[in-house]
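A short write-up of the structure that comes next.
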Amino acid sequence: MTRFTRRDLLLAFLGPAVATACHGGKPPALAFEGAILGANDSRGHLLRAGFKPTPQVQTRTAVLIIGGGIAGLSAAWRLSRAGVEDYRILELDAEPGGTSRAGSNAVTPFPWGAHYLPCPQPHARSVELLALEMGAAERRSDGQLVFDEAQLCRAPQERLFIADRWYEGLYPRAGATLRDLDEFARFQAEVRRFSALRDGQGRRAFAVPMEHGSDDADIVALDRLSMSDWLEAQGLRGERIRWFVEYGCRDDYGTTLQGTSAWAGLHYHASRTDHGGPEDLLTWPEGNGHIVSHLARRAGRRLETGVVVTEVRPLERGAEVVAFHADTGRCERVLTDHVVLAIPRVAAARVFPHPRLVAEASGFHAGAWLVANATLRRRPLSRGFPEAWDNVLYGSGSLGYVVATHQSDRHGGPPGATVFTWYLSLTHADPAEAHRWLYALSWRDAAELVVADLRRAHPDIESCIERLDVWRWGHAMIRPRPGFVFSPERRRASQALGDVHFAHTDLSALSLMEEAQYHGIRAGEEILARLGRQVDSLL
Amino acid sequence: MARGPREAAGARAATARTTALFVAVLLVSTCGLVYELGAGALASYVLGDSVTQFSLVIGIYLSAMGLGAHFSRYLERGLARRFVDLELAVALVGGFSVPVLFLCFGRVAHFRPILYAVVALVGTLVGVEIPLFLRILRRRLDFKDLVANVLSVDYLGALLASLLFPLLLVPRLGLVRTSLAMGLVNGLVGLWSTWLLAEELPALGWLRVRCAGVILACAAGLAGANWMTSLAEEALFSDPIIYSRQSAYQRIVITAGRGSFQLFLDGNLQFSSVDEYRYHEGLVHPAFAAAARHENVLVLGGGDGLAVREILRYPDVHRVTLVDIDPAMTALAVDLPMVRELNRSSLLDRRVRLVHEDALAWLADLPPEARFDVAIVDFPDPNNFSLGKLYTTRFYRLLRAHLAPGGATAVQSTSPLLARTSFWCIATTMEAAGLFVRPLHVAVPSFGEWGFALAEAQPFEIPGHVPPGLRFLSDALLPGLFVFGPDLARVPAEVNRLDNQILVQYYEAEWRRFE
Ligand SMILES: Cc1cc2nc3c(=O)[nH]c(=O)nc-3n(C[C@H](O)[C@H](O)[C@H](O)COP(=O)(O)OP(=O)(O)OC[C@H]3O[C@@H](n4cnc5c(N)ncnc54)[C@H](O)[C@@H]3O)c2cc1C
């Protein structure tokens, strides 16, 4: 498959509702420019193709962290907090952050991936500490954490486009029947029940990080069902409730109701508050790029970008790591006492072909994403409830868009200029196929998707767009498919092999900032323990 | 003698043409009277005092018509061509009279002379029409019949105009479009008469091109009138719109009627020139009375310059920084004579510095040591989320941080009567931001009962003295403003924060009752 016809394109990526709405309409003229970014795809491809350069120089470091995403940066953060400064972070990309990276232009910074952090619950100590350190929260004299008003997501938070106008909130109330509303109420009651539930050890049913949650048999049993089965078992069959719950699966896991374990599907709704209501969240114009900058600043020059790790070989003590400096072509052998492999599981198995990793990595299915940042010269027409931070389109295959300037007091460019970050997860059942589709898209195809999707809600969107850039995330988001979360492979995945430690959000089977941070800190603390440090765990 | 079929056909054609000419007279005279009515209506709208204005305009118009009739005698040769030219002139001058007058009003210092000059010009041109017509038709008809017929058609046109104008034209089209539509009719009559009077006209082609040009101009004017004011918009306001502009941030509209004018932003009344002094005195002077010093003053919002007018009464004011997001708003306060007169050119005072920025962003970026003795906060009511953010704890925390020791601030806080919870939500929010608040209220007839929140960063007493010579406030009146009767008394309200914007919800719910 190399070229899509317009109808195929819309149907395949945005679904029948959008394809039908645009059917017969003229294809957009696309009077704006843009590009497909993520050029460093090629570096990843090098690895997949089995690129094995020969080292010319040899160096030593106490700790080598591979991967400059949230997990790798958090491992470094943990070491620094304990006073261990002899480490290096090697990141393949020219910029750190991985799936939490951000971009910026004359109008505003904007996210390319992760864009928010829910306010932590008191048991998430490390997230609280980070929020305090970043100045996103303050501790009151009574011990309560208060979050900075300017960094909490401003109102209005969400709106939904349905039929011909926008409505406040995410549940499609407009036009809902009594039965729909009843189903929604019953679902919420279930969520409330799970949110309030505590097991024999006082643990929540679902928690973030997930390790804090219950592993009681009846909770774990949910993992064997799909979210679709669970809804069915509850008698929740209406189109609207299924759409609403599937939206959560697509948004947080990049997968469908059938493709999500019921444990994960409920985790999304019932892990953040005690009351089951929507949580407060922290967000910034550049999304979680804000957290990345903070952590990268702390790591300073120990964070090296544009360095691809091609091999990790364990030694009797420590390991030998081959690192290729993409810009200079230099290849380095690093001898190190401890390694943190903070990269996706599949990539980890490639650079470190330990039999257990190789055997089990194939269970880690990661979904593909398409993200577009559209720079607007002015706001488009819009009917109904005013612009919110998160703007979702009912019935579309996309996840809608987030407005980068929603959180800022000031932006560049003309009044009304902004950046819309538009998200699409390819929920196709077979990840390899989704990946192929993603890479068959041209810039034009992607731009057409964005315009076709938004045009229903904003008829003049095309004339508002000044520039549109696209990012393809190939293996971006781990899928908590039924049975996987509590599978032995997943549960074993965090265990170190010799002096090689593992960190990455994949290890939780959930793609979340807190999970990535958790594993980074855990790996950091494992190393601290081996260094003989007495540490008070932050986990 | 029997007439041949050709002759009969010729006679029929001649009668048809004569009838057509009478229809033209009807149209022309209708247009003529509509111009007169339009100018009269406009004059009474913008200048008030409708009896005087109407009779002045009618008087001038009628005497100008007499003058025109007199001038018609100097037209001798090529009468048909002159008639077509005259129609084109009436189309342009009459058609554009009302839009031009609307555009002038508010932009020029002396409006009346222009008004009367335009009325006289249109009247003169219209005055030439009928006599000229009579002379053209004289050759075709019996003179006695002719005069009687033309005059009765002329009066019929007047009747038609006086019925159409109030019943159909103004309600459907508005004044500006009515006048342009009549211009279009005059232009079409001009074009039509090139056929009716073809035998007497040389160089028809060129004449028709000119007609087409004028018709196009009127049509373009009609289309362009949408740019000046939209029909839908005119229906929103009770008085005619005399200035309307979409800036990058908001729609600015000025209406005028009964001798006063009003400023609206996005359809919401900001002030009426009749009673704005009550509002601005109540906003500014209590804060000045409470503040320890007056040197360095901050005004947030208030781009109309009216609060600054009150501020500049104090000789000890050294510097006023006015932050208004919209350059179009402060430009209007400086450039529109009517507004500038009202604010006494306050924004041109050399003590005043204008900043065009979002007030919240500007405050957030202020150097931490910047301090103001008095801060006047005069934003439009919190009826949307972008305005709502200017009433949050975040905003008031920043404001408090930049008050000098002993400094005072006054915040316009909507109506404690019509939007009681909203009013008290603002006070509650300011308190949550660490300010000590003394709410007050004043009666502003065009708004209703209006409220302000006077505040300092430390506890303070209700102030006792205002400068002498104010129109509304006096020392005796002052304490009473701080007394809230039972129907205005405090009600519990949540704190308005960026992440809840609860005030916008209160406000919506409360004002919806009055829509
Ligand atoms: C589109 C999208 C939206 C998301 N939105 C949210 C959100 O709103 N909130 C949220 O909490 N989470 C969100 N997530 C989940 C997000 O993945 C996590 O929050 C977090 O960023 C994961 O961090 P990580 O460090 O575990 O992994 P990654 O981000 O995958 O980081 C791994 C890093 O390792 C580098 N690397 C890989 N191989 C090598 C090699 N051989 N040598 C050197 N370096 C290498 C990569 O370049 C990358 O920088 C989103 C994810 C996506 C894809």
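The values are calculated or read from the model by the stated rules, or taken from the named source; none is laboratory data. Just so it is clear, the structure is predicted and the values come from calculations on it, not from any experiment. Counting neighbours? That spans all protein chains shown, and the Cβs are built from the backbone with ideal geometry, glycine included. The protein model used for the area step is the full one, side chains on, heavy atoms only, and it has no ligands, DNA or RNA in it. Shrake-Rupley method; radii C 1.70, N 1.55, O 1.52, S 1.80 Å.
What the table below lists for this structure:
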{"item": "Kirkwood Rh (inverse of mean 1/r, distinct Cα pairs), chain A, angstrom", "result": "23.9 Å"}
{"item": "Inter-probe distance in nm under a simple model that places probes 7 Å from Cα toward Cβ, at B:Leu216 and B:Phe71", "result": "2.7 nm"}
{"item": "Surrounding net charge for B:Asp365, when Lys and Arg each add one and Asp and Glu each subtract one, Cβ distance under 15 Å", "result": "-1"}
{"item": "Surface per residue (accessible, 1.4 Å probe) for the protein assembly as shown, Å²", "result": "40 Å²"}
{"item": "Value of D in µm² per second that Stokes-Einstein yields for the range B:271-514, Kirkwood Rh from Cα pairs, at 25 °C (0.890 mPa s)", "result": "138 µm²/s"}
{"item": "Dipole of the range B:359-475, positive end: most advanced residue of B:Val466, B:Phe452, B:Leu387 [Cβ charges, Cα centre]", "result": "B:Leu387"}
{"item": "Centre separation in Å (Cα based) which lies between the range A:323-368 and the range B:158-179", "result": "81 Å"}
{"item": "Cα-derived Rg over Rh, computed across the protein assembly as shown with Rh taken as Kirkwood radius", "result": "1.10"}
{"item": "FRET efficiency, 1/(1 + (r/R0)^6) with R0 25 Å, evaluated for A:Val57 and A:Ser442 via beta carbons", "result": "0.05"}
{"item": "Gyration tensor (alpha-carbon) shape descriptor, the range A:331-377, a/c threshold 1.5", "result": "oblate"}
{"item": "Relative contact order, percent, chain A [alpha-carbon distance under 8 Å, six or more residues apart]", "result": "26 percent"}
{"item": "Under Karplus coefficients 6.51, -1.76 and 1.60, residue-wise ³J(HN,Hα) of the range B:117-130 in Hz, glycine/proline x", "result": "4, 5, 4, 5, 5, 4, x, 4, 4, 5, x, 6, 4, 5"}
{"item": "Trypsin sites (Lys or Arg not before Pro) within the range B:90-196: DSSP coil, no more than 10 neighbouring Cβ in 10 Å", "result": "B:Arg139"}
{"item": "The range B:271-514 - percent relative contact order, Cα under 8 Å, separation 6 or more", "result": "23 percent"}
{"item": "Cα→Cβ-extended label distance, 7 Å offset, between B:Ala401 and A:Thr328, nm", "result": "4.3 nm"}
{"item": "Part-to-part distance (alpha-carbon centres) for the range B:286-326 and the range B:365-409, which is given in Å", "result": "13 Å"}
{"item": "Residues A:Ala29 and A:Ala529, FRET efficiency given R0 of 60 Å [Cβ-Cβ distance, rounded to 0.05]", "result": "0.45"}
{"item": "In degrees, nearest ten, helix B:170-196 long axis to first principal axis of chain B (Cα)", "result": "20 degrees"}
{"item": "Buried on assembly, the range A:132-155 (at least 40 Å² less accessible surface than by itself, 1.4 Å probe)", "result": "A:Glu149, A:Arg154, A:Ala155"}
{"item": "Assigned charges on the beta-carbon of Lys, Arg, Asp, Glu; the range A:464-511 dipole about Cα centre (debye)", "result": "240 debye"}
{"item": "Cα-centre dipole for the protein assembly as shown with unit charges at Cβ (Lys and Arg positive, Asp and Glu negative), debye to 20", "result": "2600 debye"}
{"item": "Buried area at the B-A interface (accessible, heavy atoms, 1.4 Å probe, summed, Å²)", "result": "1300 Å²"}
{"item": "Share of carbon and sulfur in the accessible heavy-atom surface of chain A [1.4 Å probe, %]", "result": "51 percent"}
{"item": "Beta bridge orientation in chain B: antiparallel %, DSSP, nearest 5", "result": "60 percent"}
{"item": "Sequence of B:Lys389, A:Lys52 from largest to smallest accessible area, 1.4 Å probe", "result": "A:Lys52, B:Lys389"}
{"item": "Three principal axis lengths of the range B:5-233 [C-alpha, angstrom, descending]", "result": "63, 33, 32"}
{"item": "Backbone N under 20 Å from the A:Ala196 label point (7 Å along Cα→Cβ), restricted to the range A:216-248", "result": "A:219"}
{"item": "Within the protein assembly as shown, percent of DSSP bridges classed antiparallel, to nearest 5", "result": "65 percent"}
{"item": "Whole-number Å³ per residue for the convex hull built on Cα positions in the range A:158-277", "result": "103 Å³"}
{"item": "Sum of side-chain charges, B:Leu263 neighbourhood, beta-carbon under 11 Å (Lys, Arg +1; Asp, Glu -1)", "result": "-2"}
{"item": "Fraction of antiparallel bridges per DSSP, the range B:271-514 only, in percent to nearest 5", "result": "40 percent"}
{"item": "Rounded accessible area of A:Asp274 (nearest 10 Å², 1.4 Å probe)", "result": "90 Å²"}
{"item": "Tilt relative to chain B, helix B:204-228 - C-alpha long axis, 0 to 90 degrees, to 10", "result": "20 degrees"}
{"item": "In Å², nearest 10: area of A:Met513 left accessible to a 1.4 Å probe", "result": "20 Å²"}
{"item": "With Cα atoms, 0 to 90° folded angle of helix B:502-512 axis to chain B main axis", "result": "40 degrees"}
{"item": "Taking only Cα atoms of chain B, radius of gyration then Dmax in Å", "result": "30.5, 113"}
{"item": "Relative contact order %, the range B:253-303, counting alpha carbon pairs below 8 Å whose residues are six or more apart", "result": "18 percent"}
{"item": "Pair B:Ser55, B:Leu103: separation of 7 Å Cα→Cβ label points (nm)", "result": "3.4 nm"}
{"item": "Karplus 3J(HN,Hα) series, Hz, for the range A:449-461 with 6.51 cos²θ - 1.76 cosθ + 1.60 (x for Gly, Pro)", "result": "4, 4, 5, 4, 5, 7, 5, 4, 8, 9, x, 9, 4"}
{"item": "Residues of the range A:397-419 buried by at least 30 Å² on assembly (accessible area, 1.4 Å probe, chain alone as reference)", "result": "A:Asp409, A:Arg410, A:Pro415"}
{"item": "The range A:104-130 versus the range A:462-506: alpha-carbon centroid distance in Å", "result": "17 Å"}
